[in-house]
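*Asks:* One structure is given below, represented as structure tokens, and several questions about it will come after.
Please treat every number below as a calculation from the coordinates, not as lab data. Being a predicted model, the structure only gives us computed values, none of them experimental. Positions of Cβ are backbone-derived with ideal geometry, glycine not excepted, and every protein chain shown enters the neighbour counts.
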Ligand SMILES: Cc1cc2nc3c(=O)[nH]c(=O)nc-3n(C[C@H](O)[C@H](O)[C@H](O)COP(=O)(O)O)c2cc1C
């Protein structure tokens, strides 16, 4: 049983990865429907929160049906991180996560995200400052190291555990790798098998099917897996993995109705949360994913991404539901 503080996550929890501009409440809602056991918000700048930047504040929106939910922050300054931890605590999430893995230049240059991977002492100080500033359980998400010569995750895990983090998610790549190559889980397994480590270790990187999740579970012994890209437009990945773990059998792919229902829920959530205009616009990049695998879908997709009218989108989706009903969905 994996536990973070007093939060029980079940035997082999599936975590939804924090993803900027993706892991927002409308997307999280469809992932939760399909079995995500623990979800994280997209990362939030500690400096932005302190400046009261609207965009950062909006990312703090969490809802009771999402629990357990973690809010993720990043920053390169102890005081700013501690202060933002207190702001976050006031919004009452279940977990506070620190991002030490983001490879994006604008973040790394400020000494935050994966930039901290070059300076473990700083990483430990930043984490310590956050743990001391809040009563929330603090977790960390990071990468193997900065580059091939500094794959220091084993030392990092021990030292972060020593200052009080309660779980660690490891993306099996270095900063220099960005998203290239395959994630290397062997070092993640080493961290997990270190007898000094007693906090849950979650593996992350490239999980995109039930078979892979189970293979990695068995081979690397992690306490759970975190899934990012494979859930975009395919939240069913969570239920498929769960079912496969439980029964050893593969679920059939989602039906057309399920695809349309998820799409519609995501759209309505987006409009509610972001406002109609922005909600409709930002939903455009999701249709292709939700409808992936359906043949002759191009015309529908074009219509969905060119109208600004929510009513028209709804009627296109309904038309799709009716006209497509008899056709098979290939995954
Ligand atoms: C669009 C996108 C945005 C991301 N934003 C974040 C973020 O805000 N915080 C973070 O810790 N990782 C972020 N990541 C990294 C993911 O959480 C995850 O570590 C990475 O995608 C590898 O997992 P996957 O192979 O399952 O996608 C992002 C990844 C993607 C693709």
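*Asks:* Hey, any hits in the range 91-109 for a residue that's away from the ligand (no atom under 15 Å from the Cβ), outside any loop (DSSP other than H, G, I, E, B) and free of Cβ contacts under 8 Å to residues at least 60 places away in the same chain?
*Replies:* Among the residues of the range 91-109, not one is away from the ligand (no atom under 15 Å from the Cβ), outside any loop (DSSP other than H, G, I, E, B) and free of Cβ contacts under 8 Å to residues at least 60 places away in the same chain, which makes the answer no.
*Asks:* Now for a separate question. Consider residue 182 carefully, then state whether it is farther than 23 Å from residue 37 by Cα, part of a loop (DSSP other than H, G, I, E, B) and within 12 Å of the ligand (Cβ to nearest atom).
*Replies:* When the stated conditions are applied, residue 182 passes them.
*Asks:* Regarding residue 210, is this residue more than 16 Å from the ligand (Cβ to nearest atom) and more than 17 Å from the chain's Cα centre (by Cα)? Steps first, please.
*Replies:* On the way: more than 16 Å from the ligand (Cβ to nearest atom): no; more than 17 Å from the chain's Cα centre (by Cα): yes.
No: the conditions fail for residue 210.
*Asks:* Sort through 273, 236 and tell me the only one that's within 16 Å of the ligand (Cβ to nearest atom) and surrounded by 16 or more Cβ atoms within 10 Å (Cβ to Cβ).
*Replies:* None of the others qualify; the one that does is 236.
*Asks:* Okay, next question. Tell me, which helices (runs of 4 or more DSSP H) wholly within the range 14-67 include 2 or more residues that are within 15 Å of the ligand (Cβ to nearest atom) and under 21 Å from residue 2 (Cβ atoms)?
*Replies:* Per the criteria, 25-33.
*Asks:* Among the residues of the range 68-81, write down those that are in contact with a helix residue (DSSP H, G or I) (Cβ under 8 Å, 6 or more places away or on another chain) and either under 30 Å from residue 258 (Cβ atoms) or outside any loop (DSSP other than H, G, I, E, B) (or both).
*Replies:* Within the range 68-81, 69, 71, 73, 74, 78, 79, 80, 81 qualify.
*Asks:* Does residue 241 satisfy the criteria of being assigned to a helix (DSSP H, G or I), in contact (Cβ under 8 Å) with a residue 60 or more places away in the chain and within 15 Å of the ligand (Cβ to nearest atom)?
*Replies:* Working: assigned to a helix (DSSP H, G or I): yes; in contact (Cβ under 8 Å) with a residue 60 or more places away in the chain: yes; within 15 Å of the ligand (Cβ to nearest atom): yes.
Considered against the rule, which asks whether it is assigned to a helix (DSSP H, G or I), in contact (Cβ under 8 Å) with a residue 60 or more places away in the chain and within 15 Å of the ligand (Cβ to nearest atom), residue 241 comes out as yes.
*Asks:* Return the pair list, or none, for Cβ contacts closer than 6 Å from residues in the range 249-264 that are crowded, with 16+ Cβ neighbours inside 10 Å to residues that are in a helix (DSSP H, G or I), at least 6 apart or on different chains.
*Replies:* Every condition considered, the pairs that remain are 254/236; 256/324; 259/290; 260/317; 260/321; 262/30; 263/290; 264/317.
*Asks:* Separate question: Being away from the ligand (no atom under 16 Å from the Cβ) and either under 22 Å from residue 76 (Cβ atoms) or part of a helix (DSSP H, G or I) (or both) is the requirement here; does residue 131 meet it?
*Replies:* Judged against the criteria, residue 131 is a match.
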